[in-house]
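A short worksheet on the structure shown next.
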Amino acid sequence: MDSKQFKEAATAAIDEIVNYYDTIEDRRVVSNVEPGYLRKILPAGPPEEGESWADIQKDIETKIMPGLTHWQSPNFMAWFPASSSYPGMLGELYSAAFTAPAFNWICSPAVTELETVVLDWLAKLLNLPECYLSSTHGGGVIQGSASEAIVTVMVAARDKYLRETTSHLSGLELEDAIAHKRSKLVALGSEMAHSSTQKAAQIAGVRFRSIPVLAENNFALTGKDLEEVLLQCKAQGLEPFYLTATLGTTATCAVDDFGSIASIMSKHAPPNVPGEIWVHVDAAYAGAALVCPEYQHLTASFEHFHSFDMNMHKWLLTNFDASCLYVRKRKDLVDALSITASYLRNDFSESGLVTDYRDWQIPLGRRFRSLKIWFVLRTYGVKGLQEHIRKHIKLGEVFAGLIKTRGDLFKIATGPSFALTVLTIVPKVAGTVEQNAITKAVYELVNKRGEIFLTSGVVGGVYAIRVVSANPLAHEENVRKAFEILVETTEEVRDGKAS
Ligand code: PLP
């Protein structure tokens, strides 16, 4: 494809993408193809001769679209949103054009420097304490996902803990102590923390303990819950070294009690003393709300913690992937993740004057992801982003308000919290088994019909439906429609008329 052909193809592709977004609401939101549908309609191998763009593009509508679940549809209310915007897409386009695995500063200074600048902008926008800014000992780095961020900081936490608690030893004694301690290390997260903490523990080769949380605390982790598990671990001869605290848990968008967590940590594992426990704040989805001053009190305790991560790609109009990880001491990441082979050496890195982001992450190569964040921040501005979040918070309130008008059919389990409402269906005959059965039946029927797409979860042992009103294209009419669909389906199921 030459430049002229690229220009024509790109124009045709952009026309199609714009039309897709303009008409997305007319499409069935969740794909209903059968597994293996694509293999049946694609040739067994690539074409011998190259094909024209027109022929390739035709297959988008006929072959790919049927197998897409339309995450950008305003009728998509499942999981958390994966937001997209035109400036975000333009960032992806330029990033592809400038493709380079820019692992060191010298690989493309703009890639590193823009990342540092926009992550500092974002840290200020989210009201993170100064210790997370690059002008201090901290700084931000873009990771692919919140899960990747958790593995990365857990590895840094593990190495820091082992290094600091064995610094008085050397030689064989040191090796033995590290081997022994490694077998005792425990990573902690509440039972509502995202499963990525358990997965990270599995990858890092450490134990994992899930901390029970209470419905009466809205399923948030408190210092008291944490203290019980810390004492249990100690009694068992185990060594907790890491905790995930969450701002916006996946199931209910609960916010852990950061203040009491910080107090318990300073009592049992005081900061800046060997053996301190690394606290990571996972704000993957709800961290976006920190752009609004009314949520910024939530960051008050963060200076006592070690790292923070939020996904711009969930709720802040930035196309996947853009997970923004901040650490209070960048040295902790570099100490754990820097291995400088001879072919990676260069004068700039040796000078210590530049950042080499390869030392802040697991892979070596990295994409130019800060461009799309820069474009989004500049296109919407602070005010635009605040309006975006507030609009969705309001939609959550409208939806929950509607649900409350039908107390005969629905019960709100939690929320609305950060635009997430969790509800159960009221059965005709009272009882948890009946309630779980009818909630599941309504949920499955709604999704089978595909007009809206929801997810379910188990909250406090009860089966519940999650409705998220944070899709970029969502309007009040979409949440009203979701409510009506839930009413109709519930009545059908309760009356035994569902088919
Ligand atoms: N943490 C929380 C609180 C989440 O809700 C999720 C996913 O929804 C994740 C982590 C994992 O996100 P990612 O897909 O970016 O790894």
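Each value in this text was obtained by applying a stated rule to the coordinates, not by laboratory testing. All of these numbers come straight from a predicted model, not from anything done at the bench. We place every Cβ from the backbone using ideal geometry, glycine too, and count neighbours over all the protein chains shown.
Here's the list of lysines a cross-link from K58 could span, going by alpha-carbon distance under 20 Å and ignoring same-chain residues fewer than 8 apart: K4, K7, K40. Rounded to the nearest whole Hz, the Karplus-based 3J(HN,Hα) values (6.51 cos²θ - 1.76 cosθ + 1.60, θ = phi - 60°) of region 254-260 follow the sequence 6, 10, 4, 7, 4, x, 6, with x at glycine and proline.
About the centre of its Cα atoms, region 432-499 shows a dipole size close to 220 debye [charges on the beta carbon of Lys, Arg (+1) and Asp, Glu (-1) only; nearest 20 debye]. Quick one: work out the % antiparallel among DSSP beta bridges in the chain, nearest 5. About 55 percent, rounded to the nearest 5.
In this Cβ point-charge picture (+1 for Lys and Arg, -1 for Asp and Glu), region 188-254 has a dipole of about 220 debye about its Cα centre. Taking a straight Cα-Cα cut-off under 17 Å and skipping sequence neighbours fewer than 8 places away in the same chain, the lysines within cross-link reach of K383 are K124, K391, K394. When you count the other C-beta atoms within 10 angstrom of each residue and take the mean per peptide, 325-337, 265-277, 28-40, 482-494 line up highest first as 325-337, 482-494, 265-277, 28-40. The residues K199, K160, when put in order of fewest to most other Cβ atoms within 10 Å, stand as K199, K160. Karplus-based coupling profile of region 207-216, in residue order and whole Hz: 6, 10, 10, 9, 9, x, 10, 10, 4, 5, with θ = phi - 60° in 6.51 cos²θ - 1.76 cosθ + 1.60 and x standing for Gly or Pro. In terms of surrounding Cβ atoms within a 10 Å radius of their Cβ, Y343, Y463, Y242 rank from fewest to most as Y343, Y463, Y242.
Look at M192, M89 and count the other Cβ atoms within 10 Å of each Cβ; fewest to most, that gives M89, M192. Counted residue by residue at 0.36 nm each, then reduced by the alpha carbon distance between them, the extension gain from E16 to R39 reaches 5.9 nm. Close amide H contacts of L68 (hydrogens built in the peptide plane, cut-off under 5 Å, sequence separation of 5 or more or a different chain): none are found.
Ignoring lysines fewer than eight residues from K331 along the same chain, the ones with Cα atoms less than 19 angstrom from its Cα are K160.
Using the average count of surrounding beta-carbon atoms within 10 Å as a protection proxy, the listed peptides 250-261, 208-219, 426-437 rank, highest first, as 250-261, 208-219, 426-437.
For every other residue with a beta carbon closer than 11 angstrom to the beta carbon of N217, add +1 if it is Lys or Arg and -1 if Asp or Glu, then tell me the sum.
Numbers: positive: K224; negative: E216, D225, D256, D257.
Within the 11 Å Cβ shell, the charges total -3.
A crude spin-label estimate for the pair E491 and L169, with each label 7 Å from Cα along the Cβ direction, gives 7.0 nm.
Once C-alpha pairs closer than 8 Å and six or more residues apart are averaged by separation and normalised to the residue number of the chain, the relative contact order reads 21 percent.
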